Every structure is written in C-alpha cells, then in structure tokens.
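These notes concern the structure reproduced below.
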Amino acid sequence: MMKCKPEYAANIIVGINYKNRFSWYVTDKDYWILDLIKRRDDFLRNGHEYDLDHMLMSRMHIEVINEHTAESYLTALSEHKVKSIELKKLVEKKDYEDTILSLYPSLFIDFDNRRLLSSFPETLPFERYVPSGWVGEYKPFDEYISEQDKYWIADGIDLINEAYQI
C-alpha cells in the first residue's frame, strides 16, 4: 500500500536504479536533493538562510546521497517504495488530487551509472544538486525505463498524455 500519494510538484514519483534493480518511490520532493551541501551553498550565495540540520534529520543525517550512501538511504525509504502496478491503477482510475500530471514520474536516479535525469515540471533544479562526479540533466528519461515499469503506458498509449490533452 502506498504511504503517500503523488501530488503535483510536492510528492513526486522517482525511478531508482540501484545494483541493476529498478524501483519506483513516491516521496516528498526534497528527499531527492542528492547533495545538500551544494543546495545550502546556493541558498547562502543568494543571501538566503538554509536550515541544513533540519534537512539532515529527514535524511538519516546523510549530506550527500550517492553510490556509497544509497543502500542505507534507500533502506530507510523502503516504506515509500511502490510497485509499477500500484501506479498503473492510479493512472487508469485517474486517481489524483489536482492534475493527472502528478502521476508522471519526475526523476530517474541511476546510482550504478552516477546519473540523475529530471523531468520535474517546476523550478527546483534537481540536476544541479548531483554529487561530484555525477551527471545531472534536465531531459526525458523514458528510454531508461523498461516497458514493464512504464506504468503510464497501456497498449502503446501514453494514458497520462491522453488524459491531459482532453
């Protein structure tokens, strides 16, 4: 059962590849700012305060989530792991709060290949806060998701796009 439902630009759907295993997670968007130090430094550079201690409390005190810290982080988030079939049911039933776009995946994080790809529709640039040595890009990531895990596709039709176009 899903701990929290996707909500546009708040609780996001994230695809994770770790140790050649793929999983979906639904969590608050802030859980996926991989390098909190880079984020804090951006805030400070722009004259804003940033409560790093508060952020760290929700992340098991992990400042940088990378291939070395992924296992403990993902284990701690295991209750947020969601099966593709659960997400597919939400899409098919059009079960969402505000917009069908809340059911579209926002991020793909590949810990094996040290890459984050973002399709997040709002102004939080996840791709800018990747760990050193990683690639972060704002671009579609469908090609990295297996057909069986593309919960928004049925019989070759993108159900989210179809519903959004109405």
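The values are calculated or read from the model by the stated rules, or taken from the named source; none is laboratory data. Note that the coordinates shown come from a computational prediction; the quantities given were computed from them, not determined experimentally. For neighbour counting, all protein chains shown are included, and Cβ atoms are generated from backbone atoms with ideal geometry for every residue, glycine included. When the accessible area is computed, the model is the full protein with side chains, heavy atoms only, and any ligands, DNA or RNA have been set aside. Shrake-Rupley method; radii C 1.70, N 1.55, O 1.52, S 1.80 Å.
Take the conditions among the acidic types (Asp, Glu) and either open to solvent by less than 40 Å² (accessible area, probe 1.4 Å) or under 16 Å from Asp30 (Cα atoms) (or both) and apply them to Asp98. Does it pass? No.
Residues in segment 121-166 that are open to solvent by 60 Å² or more (accessible area, probe 1.4 Å), farther than 18 Å from Leu101 by Cα and among the hydrophobic types (A, V, I, L, M, F, W, C): Val135 only. For beta carbons closer than 8 Å, sequence separation of 6+ or different chains, a first residue in segment 49-73 that is without any contact (Cβ under 8 Å) to a residue 60 or more places away in the chain and open to solvent by 40 Å² or more (accessible area, probe 1.4 Å) and a second that is outside any loop (DSSP other than H, G, I, E, B) and of a type in the set (Ser, Thr, Tyr), the qualifying pairs are Ser58/Tyr31; Met60/Ser72; Met60/Tyr73; Glu71/Tyr18. Inspection of segment 139-155 finds no residue satisfying the criterion of being within 16 Å of Lys29 (Cα to Cα), of a type in the set (Val, Ile, Thr) and in contact (Cβ under 8 Å) with a residue 60 or more places away in the chain. Listed by position, the helices (runs of 4 or more DSSP H) enclosed by segment 11-81 that each have at least 1 residues that are modelled with pLDDT of 95 or more and either in contact with a strand residue (DSSP E or B) (Cβ under 8 Å, 6 or more places away or on another chain) or closer than 20 Å to Glu127 by Cβ (or both) are 36-45, 70-76.
I'm trying to understand the selection: among the residues of segment 19-36, which are surrounded by 14 or more Cβ atoms within 10 Å (Cβ to Cβ) and not hydroxyl-bearing (Ser, Thr, Tyr)?
Phe22, Trp24, Val26, Lys29, Asp30, Trp32, Ile33, Leu34, Asp35, Leu36
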